[in-house]
Structures are given as C-alpha cells and as structure tokens.
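Okay, structure first, notes after.
The values are calculated or read from the model by the stated rules, or taken from the named source; none is laboratory data. None of these values were measured; they are calculated from a predicted model. Here the Cβ is made from the backbone with ideal geometry for all residues, glycine too, and neighbour counts use every protein chain on show.
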Amino acid sequence: MRVLLFFICLTLAPHFGFSTPEAGQSELVYKTWENTVSRAESVLIAGRASEKSLEILRDEINNWRSSFNSKTGLNSDRISLIQTQFNALPSAPDDGSNDPLKIRRDDLKTLLNELKVPGLRANDAFIQADTLISEIDLLLRARQTDALLTNVESPLRPSIWAQGASQSFNALFAPINEFRLIEISDAQKTNFRIQAVSIFALVFGALISWVVGLKLTNSIGGITKKTSEKRIRAVRFPISILELIFKFVSILLIVKAFHLSGVIGLKGSLFLDQIPYFSALLLFALWLPNQLFSSDVGLLSSLNLNNKLTAKSNFAGAAIILILFDLSGTGLAQASIAQDTHSFAVLLITLFASIILWRVCKSISEIENLFPEKQKEDEQRRISLSRRLPNLIYRLLLTSLILAPILVSAGYVNAGLELTKSTILSLGLLLTVIIIQDYVVDLYLIVLGEEEDNRDQLIPILLSFVLLLISLPFFAVIWGVRQQELLEIWSNFQSGFELGTIRLSPGLILSFLVIFTFGYMLTRFVQSALQSTVLPRTTIDRGAQTAIISGVGYVGIFLAAIIAFSTTGLDLSSLAIVAGALSVGIGFGLQNIVSNFVSGIILLIERPVSVGDWIEVSGKMGYVRDISVRSTRIETFDRSDVIIPNADLVSGVVTNYTRGNTVGRLIIPVGVAYGTDTKTVETILREIAEAHPKILKDPGPSVVFQGFGSDSLDFEIRAILGDVNWMLSIKSEINHQIAERFAKEGIEIPFAQRDIWIKNPESLR
C-alpha cells in the first residue's frame, strides 16, 4: 500500500506547480520597510517629534503591520499539501545512495522550506512593527501624563486677578469687537450681491428646518392622546432625535450663510467654525432633561416641577461650562495672553462648574430620598442600571467638584480642567445610555407584548448590559485614552483566543449571541401565541396545554443553540470527550436532579397528574398548581405551597381524586353506644344520606354495620358524590345532621371509657 501511495505521489507531483513570490518585488517591499524602521527608530531616539507627527508615523507603521499580518499565513495551503505528501512517503535509506525515494523526500523538504520563508519573514516584520507601535504608544502616554501633571504658578495670587479678568473678557469678545470695527469694502459688497441668492436660500432653509423641528415637538402631544404610555415612550425618542437633527441642520445652514457673506473677520471666522460644536452641546444638554422627565411613570416623574426646572437649568449650565473651557483653550490662546490669565480663567470656570455639579448632587440626593426604606432594600437586590446609578453618580460628582478647584488652585491647571470636563461628559454619556436603554427595553416589551413589570427579566437586563459594554470605549476616550490605543486593544481582542482547538473571536461570539437571542425571542413569541391565542380555543385540557407550551420552549431553545453553533461554524467535536467525562462526574453528583428532570418530562408527556388535580402524595394532599421539569407545586387546603420532587410522583404512590372526572366516594364513620337499636341507627343514617342534594341517587348511598368496636357499635355511610371537591363540606354537613337526629332520638354517641384497677391498694394507705 505504501509503495502504491508513493507512485501516486510521483505521478501527480508534476501536475502541481508551486511558485514562490517574486523575489524582486518582495525585496523592494522589505527594503522600503527597513527604511521606515530606521526612520521610526531615529524619531524615537530623538524624542522631539510632535504628537501629530508621531500619530502619522504610528498609522504608517500600523498599515505595514496589517500588511505583514495578512502575509504570515502565505502559502499555508501549499505547505499543508506538501507536508501531507512528505509524511505519506515511506522512510528512505540513509546510506548516501541516490535512491529515488530519498531524492523525492529531499525535493519536497527543500520546496517546503522555500514556501515557509515568506511567511516567516512576514512574521518577523510583524513583530518588529508591533514593537515600534508599542514604543510610540509609550512615548505618547508619557507626554500625555507630563502635560496633565504640568505645574504652573497658582492663579490664587491677587496680583493677576484684575489683569486676568480684563484680558479674558477682551479675548472672549474679540470676535464681536472685530465685527464692529470692520469696514465693508466694495469687493465684499460685490461678493455679497453675487452670493445673495445662495445666502437667502440658506437662511430660508434654516428657518424651514427649525420650523419642522418645532412641528415634530408639537406632534408628540397628538400622539399622546391616541396611544398608551409604553408606546408613547417608544415613539417619543425617535421623534426627539429627528427634532434635534433638524435644529442642528438649521444652525449649520446659518453658519454657512455667514461664511458666504464674507463680512466676518479672521477671528470671527474662527469663532464661527466653533458654533456647530457649541450648538450641538447646548441642543444635546436641553434634549437630555426632556427625555429624562418625559415619562409620566418612573422615579424621575416623582420630582416636582421646580426640581425638574432646576435640573434642566443645570444641564444647560454644564454645556456652557464645556463651551467656556473650549474658549479658554482656543479663543484665549488666539489672543496670545499669558499663562497666568489662562490659569485664572480656568479657575473661574472650574468654580462655576463646581456650583453646577453641587446643584446636580442635591438633585440626586432628592431622588434618593424618594425611595421608601423597604424599596431601597429591594433595589439593592435588583440589577437595573437606571436604579443603581444615582449613588455612583453622586460620589463621582462630589469628588470632582471638590478636587478640581483644589488642583487648579495648586497650579495643576490641566489636571483640574480635564477632570471637570471628563466628569461632565461622563455624566452626559451615562444619562444617554440610560435613555437608550429604556427605549430599547420599551421596544422589547412592545414587540413581545410583555407587561411593564417584566423590565427586570433576563433579556432586558442583558440588553442593558450590552449597551453599557458598547459605551465603555466612549468613556475611555472621555477620560484620556487615545483612539489609537482603543483600536489597538480591539485589534488584539478581535484576534480572539484559543480554547483547546477552537479559536474564539468577538465576532464569532457576537454572531452566536445574536442568533441564539433571536431564536430565544422567537421561541418566547411562539409560546406566548400558543398560550394566549391557539391552545385556549382547543379542547385540550390545561395539563396538556402546559406540557405543549413547556415542550415548545425546550425544543425552541435547543434548536436555537444548535443553529447558533452550526451557523457560526464552531467545531465542538473536540469538546465531546471533555463533555463525556464531565457528564459522568456530574451524573453521580446530580443524579437526583437528573432523575427529577426526567420525571418531569414524563409527567408532562404522560400527564398522570395535571394542573388543577386534587392529589395525595407522600402524606400531602392538595391541588396541583404548577408542574415544572424538576418539581411539582401543590397548594394544600391551608393555602400553603408544598414542593414535591417529580421523582416522587413517578416512582411513588399517588392518589388522584379528580383524574378523568370529579366523581368520588365519601365514607363517614359513625359510632353509637352499646344497647342502641342497630336497625334504627341504620334507618336514620340512610335517611340523612339520601336527603342530601349533592349525593348521587344512582347509585344510592348505603349504610354498613361494620361490627362491634371496643367502645361503640361501628357504622359507615358510603355515598357517591358528583364532585369530590365538596367532600369535606358535605362530610361536615352530614355530621351536623347526625348529631342533631341522634340527640332528638336519644341515641348516645359514646366516648372511650377505661376502668383502672389498683393491684395493691394497701400501698396507698
């Protein structure tokens, strides 16, 4: 067989043409890369390049790294094929002879080494590029830290206050002063006349866009009268986004119209370029409270009108702070003012920010006071982002409003400025996440037809968690992490990790979660439709309906998992041995649970016991209220719930009083004193039984003289009831009638009597 395989390989070998990459082109590429490496090393050694230059160099090296990474697996298919051929060849004699087999093995080995060279070379270059990128990132982080911790003279010196206030005021209003002093030339007038139509069109478009935004706001009131609160919240959010977009577009058109007019000076143009950013901040700051206080339900709705207005003003104040910070770094810098003036301006803005943040802290404390004590304890056990954040936000804001002015006063101006900006931006982002989370959960509840109380179920919590994870990179950017560093982290994370022979990547995991979640939601939808619409219109009993709904749920979740695994291409065959070994160990430890699970499936399929049945098992009697895969819940006659393992229902003795029908037999024991006429007792008991309306006439009741007891003559009334559920009440009524008739007829109902004989009565003397 080996010889035959050898000749097959020799025959097919000429038909496979393997070629290595062109040496000339490859050498040119790597020569260019070596020049880039030399240039990067020189820049890093000198350490004088600007941050922008370093970022450009990093992007260039990152492109090289991506290119090399794509070439590390070069010729992998060919290498695999040649390696298979090489392994298939029998061992050649090592005697130095020119054996054809030995020659063939040497040729394949040489070809194999040649094919591996490009991939190995690309891998070495990849490692070199990755090292350079790490060094650049380290240098940029060091510069960022140095800039943040730069210490200047304290702005608390009274000698700079007057000059700082004057220069800050003049710098901030420099665009207005410039506009007042501008003399419009003939060329500018001509240009204005040429651009008049365009300017008019832009202004007219801005007015139309602004009016459309206002119309969208007013349309919410009409929608409110026609739909429910949950649907209102789901519709209000996209409408508010459209309103925000239209208003922002209106501002952009106005800015464009001013630029076309040509009557704005240099400083005015620079300031005008910042207007869209400032407008976006103000619009967003006014949009946030409108969304937070838009609902008529929830915690924030409990605030009074004054508190809501205060909160809205605080949001606007926070946006103004960010604008002032930006102006302090751009407008003041353009005026070429001293560092002392800039520090003084930052101190004033930081103090203003502290006042705003203190007002926000007071609002948060008022929100916390809205919780009753019992509700506060319950909220600690719940996983709800919007409910557990107030205390965290309070601590963050309190730390910032105290620490930021201290840092600026101590001369750490940049640190105090960044701390305040990051705190305000984080607060805005956090509230945005809460708003989006509520909107997504509302859509989920609307699609599945769930009630408002189901907001804390598994799927809504997972959706909230996913949104929080998505927001983490934005929080990182706010607090100083460079975008390139985030991309680097994401690239490393995206490459995945090895789990045995399986390589898991974020895309693979995300695909699995999306497919499984979709399958799970579809299963829940089908279960809801069956429970509410389909099954109630059939003649299937309640127990069978419960079994069908539960079976659909298990089958749907199982199929969702299988489809998710198969679609994502996960090969779990290597985990089969591990799973088998674990199943053996788990089987011994969880055999009772597995037994109950299997018994639950048997109960749901065979249905010897159904929901609503009156049963007795293990000395417990009551009505079956729920059958799950592990246990069955029985409600006893004293209204307590008893959880019975399903294994006891399958393997034990179960008395079902209402299985199939509610007809059952009632037995009432009666005892009379010795000396009583037995025929009279029998007649009385039969008359009482036959007279009761809930005892069947066919077959009629009977009275049995059981015998002679130790204390009484024993009788039994045996009757058939149409509804055995009334057994206890009927038994009580008949006992009352028996006692009444026996008292009227003078029949004695005995009680136990005992004679005591003292063996040695003399001992008591």
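The residue list 668, 644, 627 contains one member that is crowded, with 16+ Cβ neighbours inside 10 Å and at pLDDT 85 or above, which is 668.
The criterion of at least 1 residues that are over 19 Å from residue 434 (Cβ atoms) and modelled with pLDDT of 70 or more is met by the following helices (runs of 4 or more DSSP H) wholly inside the range 244-334: 266-292, 305-329. Out of all the residues in the range 405-421, is one or more at pLDDT 80 or above, of a type in the set (A, V, I, L, M, F, W, C) and surrounded by fewer than 15 Cβ atoms within 10 Å (Cβ to Cβ)? The answer is yes, given that some residue of the range 405-421 is at pLDDT 80 or above, of a type in the set (A, V, I, L, M, F, W, C) and surrounded by fewer than 15 Cβ atoms within 10 Å (Cβ to Cβ). Between 137, 59, 124, the distinction of being under 30 Å from residue 410 (Cα atoms), at pLDDT 85 or above and outside any loop (DSSP other than H, G, I, E, B) belongs to 137 only.
Residues checked against (1) surrounded by 14 or more Cβ atoms within 10 Å (Cβ to Cβ); (2) touching a helix residue (DSSP H, G or I) at 6+ places or on another chain (Cβ under 8 Å):
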residue: 676; (1), (2): yes, no
residue: 681; (1), (2): yes, no
residue: 702; (1), (2): yes, yes
residue: 714; (1), (2): yes, no
residue: 717; (1), (2): yes, yes
residue: 720; (1), (2): yes, no
residue: 726; (1), (2): yes, no
residue: 736; (1), (2): no, no
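Against the condition closer than 19 Å to residue 662 by Cα and at pLDDT below 85, how does residue 698 come out, does it pass? In short, yes. Out of 534, 609, one residue alone is at pLDDT 65 or above and in the same structural domain as residue 645 (by TED's automatic domain parsing). It is 609.
Of the strands (runs of 3 or more DSSP E) that lie entirely inside the range 630-741, those containing 2 or more residues that are out of contact with any Ser or Thr (no Cβ under 7 Å at 6 or more places or on another chain) and among the hydroxyl-bearing types (Ser, Thr, Tyr) span 631-636. A single entry from 544, 476, 560 fulfils the requirement of being in a helix (DSSP H, G or I), closer than 30 Å to residue 628 by Cα and at pLDDT 75 or above: 560. Taking the criterion of being touching a strand residue (DSSP E or B) at 6+ places or on another chain (Cβ under 6 Å) and closer than 23 Å to residue 698 by Cα, the residues of the range 671-683 that qualify are 681, 682. Residues that are surrounded by 12 or more Cβ atoms within 10 Å (Cβ to Cβ) and part of a loop (DSSP other than H, G, I, E, B) within the range 742-752 comprise 747, 748, 749, 750, listed in sequence order.
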